[in-house]
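K.L.:
Dropping a structure here in C-alpha cells format, bear with me for questions.
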Amino acid sequence: MDESKSLKNVVAMDGTQYNATVVSKVLISPDHMMIKIDPDEARNEFEAGQHTQLGLYGFEKRSSSSEPETIPAEEDKLIKRLYSIVSEKNDTRQFEFYITQVKSGQLTSRLFNLNSGDRLYIGTSITGSFRLDETPDGTDIVMVATGTGIAPYISFLRSHIVERPESKMVVIHGGSNHWDLGYFGELLNLQKNYPNFFYVPTLIDPVDHWDGYTFCIEDLLKNDVLQNQFNISPDPERTRFYVSGKPEMVSRVSEWLYDFGYTKHKQSDPGEMYVEEF
C-alpha cells in the first residue's frame, strides 16, 4: 500500500471504510451509552478534551427505540459526526465515548444498534481546542456540563488530576434525572481520593431519595455555591471556566461569566472561558 495515501481513503475487506471494532457497550439508560472502540491502527497521542469522528453507513440498522428520521439517510453514504473522547490521553489503542441517542437522527440511532464485535468508522485525526493543558499552573478549574458535555471532563481528570494537586478542580454536572449523570460513580470516587477535587451534581426533576442540589446550573452559580462551599471566585486571574453542553445552558453561563470580565478562549485570542456546545 502507498503509505502516502490517507487512511480515510482505504477500503476495508467488506467494501466499507470501517476501520474500528466495538469492544464494549454499556447502556446507562435507553438513550445514554458508554461505548469503547478499538481502531485497527493506534492513533497518535492526543490532548484531553479533543474529539474525533465516528461514522456508520446509511444502510446500517437503527435502534429499536429510534423514531423516523427527520432527514432519511442515503444508504451508500458514510454518516460522520464529531464526538469528544472520554479516554485518558495516552490511551491510543482504545477510545471511549459517551453518547446520547437522538431518536430521529441519522447517526446516533445507528450507533445505539451496535454491539460488541460490530464494525464502524473512527476518524484518523484528533482535533479540538477545548483542552486543559493550556490552563496555567496554579489556577482553579471549574468544569460546567449538561448531559454528554461531561465527556471531555472525564478525559481531563483521567489525564491531569494527578498533575494538578495545587489547583482546586470542580465539576458541576446538571440534568433532569439521575440517569443524566454519566460517570457519577467515577466522579464520586475521585472526590473521595483527591482532596482538591469536588463534584457537584444537580438535578431539576429528581426521583425520590435525591438529597443533592435541585437548581439549574445557572441558579446554582448565581447562589454563590462556588464561593461559599469551595472558596472559589469567578475571577479571570485565578479561575478558568470550561462550559460544555446544551447551547441554552452554555449561553446563560457565558453571559454570567462575562459580567465578571471573562472572555471566550480562541486559539488566535486566548481567554479564560472555554466553551463547547453539544
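Each value in this text was obtained by applying a stated rule to the coordinates, not by laboratory testing. All values derive from a computational prediction rather than experimental measurement. Neighbour counts run over all protein chains shown; Cβ positions are idealised from the backbone, glycine included.
K.L.:
Could you check the simple spin-label distance between Asn44 and Ala12, using points 7 Å along Cα→Cβ, in nm with one decimal?
P.N.:
Rounded to a tenth, the inter-label distance reads 2.4 nm.
K.L.:
Under 1.5 on a/c is rounded, so check that first for the chain, then, if it is not, pick prolate when a/b is larger than b/c and oblate when it is not; a ≥ b ≥ c are the square roots of the alpha carbon gyration tensor eigenvalues.
P.N.:
The shape class here is prolate.
K.L.:
Can you give the charge dipole size of region 11-89 about its Cα centre, rounded to the nearest 20 debye, using +1 on the beta carbon of Lys and Arg and -1 on the beta carbon of Asp and Glu?
P.N.:
Details: 9 positive and 14 negative charges, 37 e Å.
For region 11-89, the charge dipole is close to 180 debye.
K.L.:
Give me the number: length gained by fully extending Thr70 to Asn189, i.e. 0.36 nm times residue separation minus the C-alpha to C-alpha distance, one decimal in nm.
P.N.:
Working: separation 119, 0.36 × 119 = 42.84 nm, distance 4.03 nm.
Difference between extended and current length: 38.8 nm.
K.L.:
Give me the dipole magnitude in Debye, nearest 20, for region 39-140 about the Cα centre, with unit charges on the beta carbon: positive for Lys and Arg, negative for Asp and Glu. If you can, show how the numbers build up before the last one.
P.N.:
Details: 12 positive and 18 negative charges, 95 e Å.
About 460 debye.
K.L.:
Past 31 Å, Cα to Cα: identify those pairs from Lys36/Lys222; Lys61/Lys246; Lys222/Lys264; Lys222/Lys266; Lys25/Lys222; Lys103/Lys266, in the order given.
P.N.:
Those over the limit are Lys36/Lys222; Lys25/Lys222; Lys103/Lys266.
K.L.:
Which value at 222 nm does the chain reach when only helices count, each DSSP H run of 4 or more adding -39,500 (n - 2.57), with the total divided by all residues and rounded to the nearest 500 deg cm²/dmol? Intermediate results must be reported in sequence, preceding the final value.
P.N.:
On the way: 6 runs with 48 residues, N = 278.
Result for the chain: -4500 deg cm²/dmol, rounded to the nearest 500.
K.L.:
Now, a different point. Give me the distance between the Cα centres of region 9-38 and region 213-278, rounded to whole Å.
P.N.:
34
K.L.:
Right, something else. Once a ≥ b ≥ c are taken as the square roots of the eigenvalues of the Cα gyration tensor of region 7-122, is the result rounded (a/c under 1.5), prolate (a/b larger than b/c) or oblate (a/b not larger than b/c)?
P.N.:
Details: a/c = 1.81, a/b = 1.24, b/c = 1.46.
Oblate, because a/c is 1.5 or more while a/b does not exceed b/c.
K.L.:
Let me ask something else. Using the Cα gyration tensor of region 119-278, with a ≥ b ≥ c the square roots of its eigenvalues, what is the shape: rounded (a/c below 1.5), prolate (a/b larger than b/c) or oblate (neither)?
P.N.:
It is rounded, given that a/c, with a ≥ b ≥ c, falls under 1.5.
K.L.:
If packing is taken as the mean number of other Cβ atoms within 10 Å per residue, what is the order of 98-108, 211-221, 21-31, highest first?
P.N.:
Order by mean packing, descending: 98-108, 211-221, 21-31.
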